[in-house]
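The values are calculated or read from the model by the stated rules, or taken from the named source; none is laboratory data. The structure presented is a predicted model; accordingly, all values stated were derived computationally and were not measured. A quick note on method: Cβ atoms are made from the backbone with ideal geometry, for glycine too, and the neighbour counts reach across all protein chains shown. The area values use the complete protein model at the heavy-atom level, side chains included, leaving out ligands, DNA and RNA. Shrake-Rupley method; radii C 1.70, N 1.55, O 1.52, S 1.80 Å.
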Amino acid sequence: MTEPCERFNPNCATKPALPAGATYNTEIKSPIPYSGSLFKSDTPWPQPVASWTAGQPVTVKFQPGGAAHGGGHCQFAVSYDNGKTAAVVHKVMEHCFFNGASSGNDAQVLEYTFTLPAEVPASSKAQFIWIWTNAIGNRELYTGI
């Protein structure tokens, strides 16, 4: 996910400065070793990377060139407790990255626009989470926060 820029992704067009001592996640397409966390770092960006308003459309963008594994399920969620829990605000069933059924590996869809539910509470510390389970290959879970 490149918009909003997920934690320490070096491929985003716009991103805040890194927190002191942090490094970019240059292994964005590789599995991470188990460390008790699903993320390279539990430290969020030091300032917001996006500002959204409940009830308004938002756009999420992805970097081209990744392996789309025939699609699968995508969920987009919001967390208010640093990713411990999340509420799904949009989902794409079966055909994430594609316009329909596919056995392909090259994504056709790299951008999703949806309306953020009007009930989503305002917060300067909310985190947006993307979760994807692929359709083809080993069952893998991809996530960005």
- May I ask which residue of PRO48, HIS90, LEU110 lies farthest towards the positive end of the charge dipole of the chain, with charges of +1 (Lys, Arg) and -1 (Asp, Glu) on Cβ and the Cα centre as origin? PRO48
- Note on the structure: Highest mean packing first, using Cβ neighbours within 10 angstrom, the peptides 128-138, 10-20 sort as 128-138, 10-20
- Counting Lys and Arg as +1 and Asp and Glu as -1, each charge on the Cβ, what is the dipole of the chain about the Cα centre in debye, to the nearest 20? 200 debye
- Counting other Cβ atoms within 10 Å of each Cβ, which trypsin sites (Lys or Arg not before Pro) in segment 59-145 have at most 13 and sit in a DSSP loop? LYS84, LYS125, ARG139
- Computed over the chain, Cα set: Rg, Dmax in Å: 15.0, 44
- In segment 69-141, what GluC sites (Glu not before Pro) fall in a loop by DSSP, with at most 10 other Cβ atoms inside 10 Å? GLU119
- Considering only protein heavy atoms, what per residue accessible area in square angstrom results for the chain with a 1.4 angstrom probe? 59 Å²
